[in-house]
Amino acid sequence: MKTSDWVILQTLYQCRNITRAAEQLYITQPTLTKRLKLIEEEFGVTIAIRGKHGVDFTPEGDYLAIKAGQILTIMDEIHQHLSESKQAPVTTLHIGASNSFARFMLPDLLLYYQQSHPHIHFDITTSLSSPLCRQVERGELDFAIAFGDVPFNGRRFHFESQQVYLASTTPLDMSRLSTYPYITYPLDRYGRQILENWWFEHYVTPFPSGLTVKHADICREMVLKGLGYSFFFVRDYMKNYPEYVYPLYYKDQTPLTRNTWIFCPASGSSPEAESFISYALEYAGKMQK
């Protein structure tokens, strides 16, 4: 018995009409009748009797038709199982990302990688840079993309550098910056150190404490309302308001920048993690052109 013969039995049993069954099977009536006769000869029984009102199945025909449905179901299950077993196994990458990187850059980077690696899934952890680096060191993350020159026991790859800037909706006299209201948000201590180094090169007054809010998004909205100024490390926070951006420089006119790094274990990274890192560095190179 061929699989097509079981399909013929099931279809004819459902239709009870030679003409309709042949139409559904896209074969001619004589072909269907011939195949039915060969099946009957193979089993040595009469399966169906053609009458004025269609086809009546014999008890033996009923039995074979029911078994045909069961056999075809099993065949479908076999094909599905074998098809799924041939697919590449799903791998999950556990990635850490600084909060603003996860918001502005990570989605495009994940999409860029997943287009050629559709069976890779992602588990994303967001935090400040230092906690992410500690998680990589403990083996809790495959790697982390984070900001600043954080001390780290492992490998690091330079992703990009962005110039730090000040944002304000009102013109500022930079020589009197300490007299203006300052708004800030939680920063990794290494990010804060970058700002303090710049500040103490330009001013003798203490670094401002200011109003602290919980997130850079809230800080930006307060800046846009004219409530004060703030420092941002990621250009995308103010990309729609370039007129309010003041890029920062050291006294020698060197841009004040913060590095973005990919932090990964010293050894033992999975092939998938190494592949992602290569794609990320390639992506960073394209973005800088």
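The values are calculated or read from the model by the stated rules, or taken from the named source; none is laboratory data. The model shown is predicted, which means the values in this text are computed figures rather than measured ones. Note that each Cβ is placed from the backbone with ideal geometry, even for glycine, and that neighbours are counted across all protein chains shown.
Taking the listed residues 162, 193, the one that is among the polar types (S, T, N, Q) and part of a helix (DSSP H, G or I) is 193, with no other qualifying.
Taking the stated definitions as given, is residue 89 at negative phi, modelled with pLDDT of 90 or more and out of contact with any Phe, Trp or Tyr (no Cβ under 8 Å at 6 or more places or on another chain)? Can you show your working first?
Values: at negative phi: yes; modelled with pLDDT of 90 or more: no; out of contact with any Phe, Trp or Tyr (no Cβ under 8 Å at 6 or more places or on another chain): yes.
Taking the combined requirement at face value, the residue does not satisfy it.
Selection of the range 169-186 for residues being in a loop (DSSP other than H, G, I, E, B) and either over 28 Å from residue 261 (Cα atoms) or free of Cβ contacts under 8 Å to residues at least 24 places away in the same chain (or both) yields 169, 170, 171, 172, 173, 180, 181. All conditions in (1) closer than 22 Å to residue 100 by Cα; (2) without any contact (Cβ under 8 Å) to a residue 60 or more places away in the chain; (3) not in a loop (DSSP other than H, G, I, E, B) hold for residue 263, with the sole exception of (2).
The helices (runs of 4 or more DSSP H) falling completely within the range 1-111 that include 1 or more residues that are of a type outside the set (Phe, Trp, Tyr) and exposed (fewer than 15 other Cβ atoms within 10 Å of the Cβ) map to 3-15, 18-25, 29-43, 59-86.
Between 149, 123, which is without any contact (Cβ under 8 Å) to a residue 40 or more places away in the chain, surrounded by fewer than 17 Cβ atoms within 10 Å (Cβ to Cβ) and either more than 18 Å from the chain's Cα centre (by Cα) or assigned to a strand (DSSP E or B) (or both)?
123
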